[in-house]
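Worksheet: the structure to be examined is printed underneath.
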Amino acid sequence: MKIARNIELPANAAGCGCEGLCWDPKTCSCARLNGSDFPYVHRDGGRLVEAKHVVFECGPNCGCSPECVNRTSQSGLKYRLEVFRTPKKGWAVRSWDFIPAGAPVCEYIGVLTRTEDLDSVSENNYIFDIDCLQTMRGLGGRASRQQDASVSMIQKVDKNDEQRSESVPEFCIDAASIGNVARFINHSCEPNLFIQCVLSAHQDIKLARVVLFAADNIPPLQELTYDYGYALDSVHGPDGKVKVMLCFCGAEGCRKRLF
Ligand SMILES: C[S@@+](CC[C@H](N)C(=O)[O-])C[C@H]1O[C@@H](n2cnc3c(N)ncnc32)[C@H](O)[C@@H]1O
C-alpha cells in the first residue's frame, strides 16, 4: 500500500507475547481482542470462521512467527487469479483454482488517501472508502460477543464522531494509479466475496486494511464479486445531481442499479 504524504500511520500496537505459533486464546492478547478466540481455523492455510466487526490479527510487534494462523490475511495471494474481459462490465476477475468459503482472496491495495483530497471533478471508478464503522454497525444486529474489543471500539468512535457527517469516511484507498487485482473485481447484488476490515499493525479502524474473503465455496472460473454497498441515489456528480449506474451483475435478485 502506498501512503499519501499527509497521512501518518498510527504507532504499531504492542502485540502479543506468544512464541512460535499463537495457539492458546486465553494467553494470546490478540485472540482476546477478537473475543477470546482466534478468528481463523487452520484448514486450507487459514479460513475465517465468520464475518466480524473487525479482525485483530497479529502484527509487527507480536512474538509469533509469520506462519501464525492469526496472520492469515498477510500471506499474499494463494489462488491463481485471472483478469478477463466481460461484455458489459469491462474487466473482471476469476480464479483458476477452487476457493473454499472463508479463505482470504486478496486485499484491496492502492494509495491510502484522505477522502477530502480526492479530485472531485474527474471520474474515478477505483476508490474504496474505508468504511469499517458502517460494516461494523451492519453486523451489530447479529450475535456480537460482549468481550469483543470491536464492540467498545464502535461505541468510542461513534461518540467521537457525533458531530461528523456519517456518510463520508475520512480515508479511502485510491487504486486508480497504483493497485492490485482487487481493483478489477466487479459488484454483484449476490456476491461470492465479502469485505472484512482487518487490523494487524495498529488499531485505528479508520485506517483498517480491507480484505476480501470468500463468502461461499467458489468453483474455478466463476467471476469473483463483492457488494459495493452503495445506497440508491447516494452518489452525486460534480453538478450536484444524483448519478445513476446500471447494474449488469446478472443475479436473480439484481437491484438493477449499483447506485
Ligand atoms: C472497481 S471497477 C471494477 C473493474 C472494472 N470493470 C474495470 O474494467 O476496470 C468498478 C467499475 O466497474 C464497473 N462495474 C462493476 N460492477 C458492475 C456491475 N455489476 N454492473 C455494471 N458495471 C459494473 C463500473 O463501471 C464500476 O464503476
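Read the figures in this text as sums done on the coordinates, not as results from a lab. Note that the structure is predicted; figures quoted are calculated from it, not measured. As a convention, Cβ positions derive from the backbone with ideal geometry for all residues, glycine included, and neighbour counts pool all protein chains shown.
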If you build a Gaussian network model of the chain, linking Cα atoms that sit under 10 Å apart, which residue out of G90, G229, G240 swings the most?
G240
So the compactness index of the stretch 16-93, its C-alpha Rg divided by 2.2 N^0.38 Å, takes the value 1.39
Would you calculate the separation in nanometres between label points at V168 and R255, each defined as 7 Å from the Cα along the Cα-to-beta-carbon direction?
2.2 nm
Of the candidates P238, P87, P169, which one comes out as most mobile in a Gaussian network treatment of the chain with C-alpha springs shorter than 10 Å?
P87
Explain nothing, just compute: Karplus ³J(HN,Hα) = 6.51 cos²θ - 1.76 cosθ + 1.60, θ = phi - 60°, for every residue of the stretch 243-259 in order, whole Hz, x for Gly and Pro.
9, 10, 10, 6, 9, 10, 5, x, 6, 4, x, 4, 7, 6, 9, 6, 7
Can you list the residues, at least 5 places off or on another chain, whose amide H is less than 5 Å from the amide H of I127, using H built in the peptide plane?
A175
Span per principal axis, largest first, for the Cα atoms of the chain (Å)
53, 46, 36
How many lysine pairs in the chain, separated by 8 or more positions in sequence or lying on different chains, have Cα atoms less than 24 Å apart?
16
Of V69, N6, L21, which is farthest on the positive side of the dipole of the stretch 1-93, counting Cα position, with +1 on Lys and Arg Cβ, -1 on Asp and Glu Cβ, and the Cα centre as origin?
N6
Quick one: dipole size for the chain, taken about the Cα centre, charges +1 on Lys/Arg Cβ and -1 on Asp/Glu Cβ, in debye to the nearest 20.
340 debye
What are the trypsin sites (Lys or Arg not before Pro) within the stretch 1-65 that DSSP puts in a loop, where the Cβ has at most 13 other Cβ atoms within 10 Å?
R5, K26
Hz values of 3J(HN,Hα) by residue in the stretch 19-36 - Karplus curve (6.51, -1.76, 1.60), Gly and Pro given as x
10, x, 10, 6, 9, 9, x, 7, 9, 7, 5, 6, 4, 4, 4, 8, x, 6
Among V55, V210, V242, residue whose mean-square fluctuation peaks in a GNM of the chain (springs only between Cα atoms under 10 Å):
V242
Can you tell me the 0 to 90 degree angle between the C-alpha axis of helix 149-160 and the longest principal axis of the chain, rounded to 10?
50 degrees
In nanometres, what is the gap between the two model label sites at E82 and L9, each 7 Å from Cα along Cα-to-Cβ?
3.4 nm
For the modelled label position 7 Å from the Cα of R114 along Cα-to-Cβ, which residues of the stretch 180-206 have backbone nitrogen atoms closer than 16 Å?
206
